[in-house]
Amino acid sequence: DVYKRQGINAEYGLFSSELMPAKQNPAPKTAPKAKAKPQAKAEAKVAAKAQGKTAAKAAPKAKVQAKPKAKVQAKAQAKSQAKAGAKAKVQTKAKAKAQGKTGAKAAPKAAGKAVAKTAAKAKPKAVTKKTQKVSAKDKALKAAKAIKGGRNQKRKYRIRTSVHFYRPKTLRLSRNPRYVRTSVPKTNKLDRHRILKCPLTTESAMKKIEEHNTLVFIVDLKANKHHIKDAVKKMYDIKAQKINTLIRPDGYKKAFVRLTEDHDALDVANKIGII
């Protein structure tokens, strides 16, 4: 009984509200409306009339203002659309022409990218071979003309204004070896000890020391006056005024070192140990 009252089918668990109309609840009672006063009603009517008049006057003005603007906009849109259509037609015609020209030359698309690449590579090779053949032909023709012409041809000679013939100046590069030829740099073998071999203590040498303020040394054959002067200065702190050299008959080189006035040859000889 409970299911039947609620409109539920117990077997399928469904509501049968469509078969059994639901009972409508009664609407709630509203409070009674208060009666408006006669003066308030009259004032409300007057205000409504005034509002209606102002709305009726404003509506045609808005319509008049809106109409010209809408017309101008519509005209501008129509012009822009017409221009765009003309441009599109021109572009489509140009594309069609270009496709028609290139379509005859270009390979079909179905061949694929690989075929196009190989064709592009093969074309320049054929062109280069042709150019090579043409250049070889031209060379052969030139050679044939030269042979036919013979030796009796006009030859231009450069006018020479001088009698001298100079070798042309060519590029001279400095040496740039790939590797160093010597592992250790060469040392100067002519040092002071080798230049000054020994002092002479003969009678003529002693006479030179006493009278002419000069010292006599046996020196190396390869040593020159500059070498002897530097060696004497380094060995004995002596400044030489003049140096004379000679090679004796026995093959030794003798040097006469004349000292300046600041130094005395006898004192130097005592330091060395000659006297």
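Okay, here's what the table says:
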item: Contour excess over end-to-end distance, with Cα ends at LEU141 and ASP264 and 0.36 nm allotted per residue; result: 34.7 nm
item: Area of VAL257 that stays accessible when all protein chains are in place (1.4 Å probe, Å², to 10); result: 0 Å²
item: Amide N proximity, segment 194-216 versus ASN244 label position 7 Å along Cα-to-Cβ, cut-off under 17 Å; result: 200, 202-216
item: HIS193-VAL163 FRET efficiency (beta carbon distance; Förster radius 51 Å; 0.05 resolution); result: 0.30
item: Entries in LYS225/LYS254; LYS189/LYS242; LYS189/LYS271; LYS225/LYS271 that, when Cα-Cα distance is taken, lie over 19 Å; result: LYS189/LYS242; LYS189/LYS271; LYS225/LYS271
item: Förster radius 51 Å - calculated FRET efficiency between ALA42 and ALA74 (Cβ-Cβ, nearest 0.05); result: 0.55
item: Apportionment of accessible area to carbon and sulfur, segment 222-272, percent (1.4 Å); result: 45 percent
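The values are calculated or read from the model by the stated rules, or taken from the named source; none is laboratory data. Values in this document were obtained by computation on a predicted structure and should not be read as measured data. Reconstructed Cβ throughout: ideal geometry from the backbone, glycine too, with neighbour counts over all protein chains shown. Quick note on the areas: whole protein, heavy atoms, side chains included, nothing else; ligands and nucleic acids left out. Shrake-Rupley method; radii C 1.70, N 1.55, O 1.52, S 1.80 Å.
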